[in-house]
Each structure stands twice: as C-alpha cells, then as structure tokens.
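Report on the following structure.
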Amino acid sequence: MAATSGSGASKSWRPPRRRCARTATPSATRLGWEDPTVRSCCRARRRPSALRRGAWWRRWSACLSPGPSGRPAEPARARELPGRTPLDSGVVQTGDGIRSPRARQRALLIAAGPDEPELSELAELLRTAGVAAAGQLTQRRERPDPDRYLGKGKLDELKTAIGESDANLVAVDDELLPRQERNLEQALGVPVIDRTAVILDIFADHASSAEGKLQVELAQLEYNLARMRGLWTHLERLGAGIGTRGPGESQIETDRRLARDRIAALRRRLEATKGTRATMRRERERAGLPTVALAGYTNTGKSTLLNALTGAEVGVRDRLFHTLDPTTRSFEVGGRAFLLTDTVGFIRKLPHQLVEAFAATLEEALEADLLVHVADASVPEEELVEMLDAVEQVLVEIDVAERPRLLALNKVDRLDAEARRALSFRFPDAVQVSAEMGEGLEELRAALEARFLATLRPIDLLLPYAEGGRLSELHELAGEVEREDTPEGVRVKARVPAAAVPRFERFSSNGAGGHEV
C-alpha cells in the first residue's frame, strides 16, 4: 500500500503510531488493529509466569515487529506463527503445589553420557512442571552427538518408543545446542525440550517478588536468544547473498535486537536493586547481629529448618525450587540474637543463565558470618555426595566458597541407627538434625554458638561516664561484659563481632582498637 503526497512523490506505507493500552508506552505502536492478542502480549512482557518459550516469542514478535509485507501481521496469523510450546498448555494447581496439565502431556525422557544416566531427577522436575513421564531411554557414549544428541540407531529406537508410549513430548537431561534441538524435532516430529527449559519454566512459575520475576525473565531471554532462528523457519529465503535476504532474516534480526535491548534494560533494573540490598546490609552490620545463611540442594528442608529454629511460618512444600526469594528471620542462641536467611536451592546442571541472573541475590544472602549447608541425609550416600558437589560448584561460581561453613544433615529421622553411625563416620564434623521432627536442633544451636564465638574479636575499652549508653549496646552484642568502675570512666572487656569493632575504636584503652583479653 502506498500513499501519494501533494507533490506526487510516493511514500512507503507506515502503520499509525498508537500507544499500548497496557503499558502506556509507544512500544506496540506498529499495530494497526485492536485485538486481544495485543493485550495478551503486553501482559506477557510484564508477567514472567507467561514467558513460555515459543508462545512468548510469537506474541512479542507479532506485537513489536511488522509482518513479511512490511505491515503488521494479521491477528489470526500472529497466533498461528509456529514455535515450540511444550510447556505452554493450560495448567491447574494441585493441593501439593504441583502443576497438573489440563491437556494431557506425556514426556519420554532421554539422556546420553559415558556413565549410565539417572533420570529420576528429570522426572521430578517434569512432575513439578506438570508433565507426566511416559518412559525413558538412555545411551552410553563418550559424548552426545553434536548434531542430533543421539546416534542414528538410538534415534530410530526413540522414534519407535514415542509411538509405543503415546508420548507427545521428548525431554532431554542436558542443555541442548540449538541445532541439536531443531534436528531432533525434525527427526521425531514432536516437541523437544531440554533440562534447562524445564528448570526455567519452574522458576517462572514460582517467582513471586518483583526482583525474582526480573531475574527469571533475564535468564529466559538469554536462553531463548540463541534459539530464535528456529521460530521463523516458516519464512523461506534465508541467506546472506544479494537477492537472498527474505522477511525471515529481517524478522530474526529485529527479534534479536529487541531481545538484547530488553536484556540490557533488565540488567540496569537489577543493578539498581543492589543499592537497596547494600543499605539493608549496612543496617544489619550496624546492629552487629551475627548472620547465618542456609544453602543447599533444592528440596532438602531448608525452609523447614528455618521455621524450626526461628518459630516462623514460612511456606513449606515438598516440591523443587519452592523458595526463590531470600527470607530472613531472627532467633536467639545463648542469649544472643542471630539473623537466619533461607536461600534458593541448587541442583545438578543448574543453568548458567540462572546462576548469572540470581548471582547478586545469592551473594547478598550468602555474605553471612556463617554458611549452613543443609543436605538430605535420607538419600543414598553416592547421591548425597553428588548433591554436596553440585552445591560446592555453585558456591565457587558465585565466589562464596571460602565462607565459614557448617554441614547440617537433615531428615535423619528416616534413617536407622546403623545408617546414622555410618553418616557420623563419613561426615564427623556434621550435625545430624530432623527439622520436621525437631530432632538435633539443640545440637545445631550449640554448634552455631560455638562457631560464632570463634569469630568474635576481643576489645578493651574505657568508656566515659557520659557514654553510659554504650554499655547496653555492648551487652546486646557480646552478652557477657566485664566491667570495672574507675575515676576516668568504666573499664570494659568484651568480645564482639568484627563488624562492630570500628564503632568502639575511639574508646579503646590502648588506642589501637582493642587487644586480646
């Protein structure tokens, strides 16, 4: 369509600029129609729980970009753009917090590796995402095939298994390369998702805070950025030479630019939240309260342990990644107040996109005086060691592996006496607890107090009588204070957290910030 000006010059058709009703910004101004797809798209851009791979990109691209002819795509066409949406069907929440699919989704689980793969964890991830496991197939090989993940013979076997099991989805226990995913889907004729996509879907569904939603959206964008090419393969003539550039190529370039712009905006917004966390951290340091952070594998009972120690009522469910946002509560040990923080759980092959997106939150939560590593003692020892190693890898990745640490083996109520003795021999410095039954909590409190006392700094002060208020502050920080009244003031000896020492340096009796008592 062309419009002719008064001078006879021809101008290309331009969609009318309109403001998006949902966001009050001109971001959706290229659309020239009123359609529920537009409103749905705007909501999807603001609500990470709607950011399902494939469906989100189709809506976003249709909303922000022109169609092949230069005009916006017709509304019906926007909804029909092809894409992979294996986890995008409607779901309902069950009583235990597990999503149950309204449309029957059955996944065939596959894995390839040098050792015999174990797929029980992937099955649990899919159950949390609302997908039933229809069976599994594994292949022992030095490394996955770079093009199709599986070898040709095993791929033929997989095709047969899909037909026999009535599966409509294939889930891979690894992060696939984009070309592996495309080639598998073309060969199998059913949608293919990898482990990373499942975890991102669960995070998107469980995120509740504004910051958590931003972090999940950032991780999803970075994951999908490399997979956008497959969403526009229905537009032919993709190429690099003259005469070969088609609408598909321009659409991919547009989508990538929009995605990168959104990623940059999300990073700026997340960077701004660091100031708020830094302010809260300074307030805690001024209060001088020792801080303890709970870290560990997902679904090991960290939230239950926080409730048992603090008397809080933080939501607890037997599902993976129930806690995404750090939760802090206070409790007392030996007359001293502690701050206890629950953090997001870790898992094997945790997507690096999530580690990067949640790095700031994890660093803030784990910058504690003591890190309590909570592990599930009820699993077999080999699996327990794998979980401990997986957590250690993430701690190294976010540069907090050197923090003082205490291992708490939870769920020991499920073990017999012989298994407990074996654990004591294997992990002699660990504390065995059952957060659900209240067993071992006193031993854990005693271990926390002993670790905390070992970090205290001795101070020797001479407080003027006019500074008598400092005495009550010292009692809150140190608990036990040795006091001696002198003509010059009150002579005080105590042990306080290292962060509180600078507040009393000007009262030091030797002018050097205190000395060993």
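Quick one: dipole size for segment 288-453, taken about the Cα centre, charges +1 on Lys/Arg Cβ and -1 on Asp/Glu Cβ, in debye to the nearest 20.
In total the dipole reaches around 240 debye.
Based on the mean of other beta carbon atoms within 10 Å per residue, what is the order of 188-196, 426-434, most packed first? Intermediate results must be reported in sequence, preceding the final value.
Details: 188-196: 20.2, 426-434: 16.9.
Final packing ranking: 188-196, 426-434.
At 0.36 nm per residue, and after removing the present C-alpha to C-alpha distance, how many nm does the segment from E480 to A359 gain when stretched out fully?
Values: separation 121, 0.36 × 121 = 43.56 nm, distance 3.77 nm.
So the extension gain works out to 39.8 nm.
Which order, highest average first, do 385-393, 151-159 follow once you tally other Cβ atoms within 10 Å for each residue and take the mean per peptide?
Details: 385-393: 16.3, 151-159: 14.3.
The peptides rank, most packed first, as 385-393, 151-159.
At 7 Å along Cα-to-Cβ for each site, give me the label-to-label distance between M437 and V190 in nm.
About 4.2 nm separates the two model spin labels.
What relative contact order, as a whole-number percentage, does segment 288-453 give when Cα pairs under 8 Å and 6 or more residues apart are counted?
Values: 282 pairs, mean separation 42.4, N = 166.
For segment 288-453, the relative contact order is 26 percent.
Could you check how many percent of all C-alpha pairs in segment 175-230 are farther apart than 16 Å?
Details: 725 of 1540 pairs.
In whole percent, the long-distance tail amounts to 47.
Express the Stokes-Einstein translational diffusion coefficient of segment 456-507 in µm² s⁻¹, to the nearest whole number, given a Kirkwood radius over alpha-carbon pairs, 20 °C and a viscosity of 1.002 mPa s. Please list the in-between numbers first.
Numbers: Rh = 10.9 Å.
After rounding, the answer is 197 µm²/s.
Which values, in whole Å and largest first, are the semi-axes of the equivalent ellipsoid of segment 342-493 obtained as the square root of 5 times each eigenvalue of the Cα gyration tensor?
Values: eigenvalues 320, 96, 26 Å².
Semi-axes from the Cα gyration tensor: 40, 22, 11 Å.
Take the Cβ-Cβ distance between L471 and A132 as r, set R0 to 51 Å, and report the resulting FRET efficiency rounded to the nearest 0.05.
0.20
Of V192, N168, Q139, which is farthest on the positive side of the dipole of segment 91-223, counting Cα position, with +1 on Lys and Arg Cβ, -1 on Asp and Glu Cβ, and the Cα centre as origin?
Final value for the positive-end residue is N168.
Ordered by residue, what ³J(HN,Hα) values in Hz, to whole numbers, does segment 134-141 give under the Karplus form 6.51 cos²θ - 1.76 cosθ + 1.60, where θ = phi - 60° and Gly and Pro are x?
My calculation for segment 134-141 gives 9, x, 8, 8, 10, 9, 8, 8 Hz in order.
Strictly over 26 Å apart at the Cα level, which of K213/K349; K349/K411; K302/K493; K213/K274; K154/K349 would you flag in this model?
Values: K213/K349 21 Å; K349/K411 24 Å; K302/K493 37 Å; K213/K274 16 Å; K154/K349 24 Å.
Listed pairs above 26 Å: K302/K493.
Could you calculate the contour length gain from A226 to A417, that is, 0.36 nm times the residue separation minus the distance between their Cα atoms, to one decimal place in nm? Show your work: numbers first, answer last.
On the way: separation 191, 0.36 × 191 = 68.76 nm, distance 5.14 nm.
Full extension from A226 to A417 adds 63.6 nm.
Just order 462-472, 492-502, 336-346 by mean Cβ neighbour count inside 10 Å, highest at the front, would you?
On the way: 462-472: 13.0, 492-502: 18.5, 336-346: 21.9.
Those peptides, ordered most packed to least, come out 336-346, 492-502, 462-472.
Laboratory data are not the source of any read-out in this text; all were calculated from the coordinates shown. What you see is a predicted model, and the numbers here were worked out from it, not measured in a lab. Cβ coordinates were reconstructed from backbone atoms using ideal geometry, including for glycine residues, and neighbour counts include every protein chain displayed.
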